[in-house]
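Have a look at the structure below before the remarks.
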């Protein structure tokens, strides 16, 4: 069985450390976990060296989509790691599917729903507690600005890693936030959400397309700077009085969207109540820590999950913090 893995930024040779640190860490982690398979991973000739374990690097110079379209059919399975913004993950997943290769991850339809947070909201609003969300067209900015009273959150519908996510409390801050969002999205709208106080968290899960099992509740280290929300890293696992409820909501949400498979991350706010924020239909940064703490090989379990098999028992040992530092992701073992 031939398996192809790629991480978008390293496959393109992106030079911005703020974009590559997490991607390189996830690629290193997953390739080391997949040493038991006949695994190749794509790397741009312009990217930094990736350890890759005993997996085989495939250096490319051409456009990533062109290379995948011409070569992915030589593989049995393909595991893409890519951002949701501008529907990049959706387009790459659809390209893999069109070439008749099994995706080690979610279907393109499920990725599409999770890439647009407004579609996610509509898919789940009758299923689990979600934050009230409005879709704002660019021509409606003045109309909505007049109604801003109290705290709200402005964000791109297809954003990733808190990019351009802002807390606003006035017409002026709302308009400024909308301008910033417009600079990072190609969509004709953005999102306005009620502000919910609480702890930022995520749940990592494995799903076989029918049943999902939570692996861990993870702390998200988010800070605010003049209303801008910044993602700095986190900790696995997170101890919280709402842990069981958070895991149950994440499980139900993932099982409610047809086509979600493999590793999935669900972001939540844990306050007086638990609210789902979004679903990431891909590997997320906690994977890098979680893989070192589970009672099984997480990479192999991701592959097995898309084949329909889930682990019978999930045990986590220890605590690990992870922080973005310059051009790399720093892991600190706490216990």
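Please specify each residue of the range 94-130 satisfying the condition of being out of contact with any helix residue (DSSP H, G or I) (no Cβ under 6 Å at 6 or more places or on another chain), surrounded by fewer than 19 Cβ atoms within 10 Å (Cβ to Cβ) and under 23 Å from residue 197 (Cα atoms).
118, 122, 125, 126, 129
Within the range 189-209, is there a residue that is without any contact (Cβ under 8 Å) to a residue 40 or more places away in the chain, outside the structural domain of residue 298 (by TED's automatic domain parsing) and over 19 Å from residue 269 (Cα atoms)?
No, the range 189-209 contains no residue that is without any contact (Cβ under 8 Å) to a residue 40 or more places away in the chain, outside the structural domain of residue 298 (by TED's automatic domain parsing) and over 19 Å from residue 269 (Cα atoms).
Listed here are the residues, each with its yes/no results for (1) in the same structural domain as residue 310 (by TED's automatic domain parsing); (2) closer than 30 Å to residue 244 by Cβ; (3) modelled with pLDDT of 95 or more.
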position: 138; (1), (2), (3): no, no, yes
position: 141; (1), (2), (3): no, no, yes
position: 146; (1), (2), (3): no, no, no
position: 157; (1), (2), (3): no, no, yes
position: 185; (1), (2), (3): no, no, no
position: 215; (1), (2), (3): yes, yes, yes
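Return only the number of the condition from (1) in contact with a strand residue (DSSP E or B) (Cβ under 9 Å, 6 or more places away or on another chain); (2) at pLDDT 95 or above that residue 162 does not satisfy.
Residue 162 satisfies every listed condition except (2).
Sort through 64, 89, 163 and tell me the only one that's under 21 Å from the mean Cα position of the chain (by Cα) and closer than 23 Å to residue 205 by Cβ. First the steps, then the outcome.
Details: 64 fails: closer than 23 Å to residue 205 by Cβ; 163 fails: closer than 23 Å to residue 205 by Cβ.
Selected residue: 89, the only one of 64, 89, 163 that is under 21 Å from the mean Cα position of the chain (by Cα) and closer than 23 Å to residue 205 by Cβ.
Among the listed residues 266, 288, which satisfies the condition of being in a strand (DSSP E or B) and either in contact with a helix residue (DSSP H, G or I) (Cβ under 9 Å, 6 or more places away or on another chain) or at pLDDT below 95 (or both)?
266
The values are calculated or read from the model by the stated rules, or taken from the named source; none is laboratory data. Values in this document were obtained by computation on a predicted structure and should not be read as measured data. Positions of Cβ are generated from backbone atoms using ideal geometry, with glycine treated the same way; all protein chains shown enter the neighbour counts.
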